[in-house]
Every structure is written in structure tokens, then in C-alpha cells.
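Note sheet for the following structure.
The values are calculated or read from the model by the stated rules, or taken from the named source; none is laboratory data. Remember, predicted model here, so these are calculated numbers, not experimental data. We place every Cβ from the backbone using ideal geometry, glycine too, and count neighbours over all the protein chains shown. The accessibility values were calculated without ligands, DNA or RNA, using every heavy atom of the protein model including side chains. Shrake-Rupley method; radii C 1.70, N 1.55, O 1.52, S 1.80 Å.
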Amino acid sequence: VIVDKNLCDACLFGSSRYPLRYQCERCSRVQRITHPMYRYQESPTAFSNVTWACHQRCADFTHWRIVPQDVRLVPPSDAPQTWNQDGDIILRAREIRAQQLRDNETRCVVS
């Protein structure tokens, strides 16, 4: 259902706050997709179970997965429940990154 600016509610959500990058299963190229395709991934590393147009090499509808660098940008409240089978993956990734940043701060020496 088109809700605003000729976009569906999911594309509107993605275009205004979370335009993420995805990798094509067929050609492995990356493109920015406004629709939150991560909603159709069983895990952050799995390809989606629905298709979207590849405007790279394929020029066809293919399956996609979010690029690893953008997983942290997925709103925790919108992440698929299947991503949390082994605990809160997003929360854990953020904790690891925060610890890395803290570790780097403690190693900094100003002379």
C-alpha cells in the first residue's frame, strides 16, 4: 500500500532513516536499497527469501543480504526475530564494538 511520496510504508521507513547497502546473491555487487530487505533474512549472513531488482550486472530480480558493515544500523526493534536465536546478535555486536572503542581509548598515549 502506497502511503506517502509514492512509497510503501516499508520503503518510506527505509528511505527516511535507514537506506542500507545489500549484496546481490548472483553478481555479488552492492547496491543501496531503501526497502528494509533485512526483514526477509533468516540471519544477518543469509540471503533474503524475497527478491528485489538488481541494477548492477544482473538486470533481474535477485536475492539480497545486508552488508556486514550495515548490520549495526538495523534498528533493534525492527530486526527479524530469527536473528536473536542465539541471543541478541545486534546487542552483542554493539557491546563488542563498544569494548573495542574503550580498548583503543585506553591505549592512546599523549606525550
What is the one condition in (1) of a type in the set (D, E, K, R); (2) open to solvent by 70 Å² or more (accessible area, probe 1.4 Å); (3) farther than 13 Å from residue 28 by Cα; (4) at pLDDT 90 or above that residue 57 does not satisfy? (3)
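Looking at 48, 77, which is the one that is of a type in the set (Gly, Ala, Ser), at pLDDT 75 or above and either outside any helix (DSSP H, G or I) or open to solvent by less than 100 Å² (accessible area, probe 1.4 Å) (or both)? Give the derivation first.
Values: 77 fails: either outside any helix (DSSP H, G or I) or open to solvent by less than 100 Å² (accessible area, probe 1.4 Å) (or both).
The conditions single out 48.
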Could you check residue 19 against (1) crowded, with 17+ Cβ neighbours inside 10 Å; (2) touching a strand residue (DSSP E or B) at 6+ places or on another chain (Cβ under 6 Å); (3) under 18 Å from residue 68 (Cα atoms); (4) modelled with pLDDT under 90 and say which number it fails? (1)
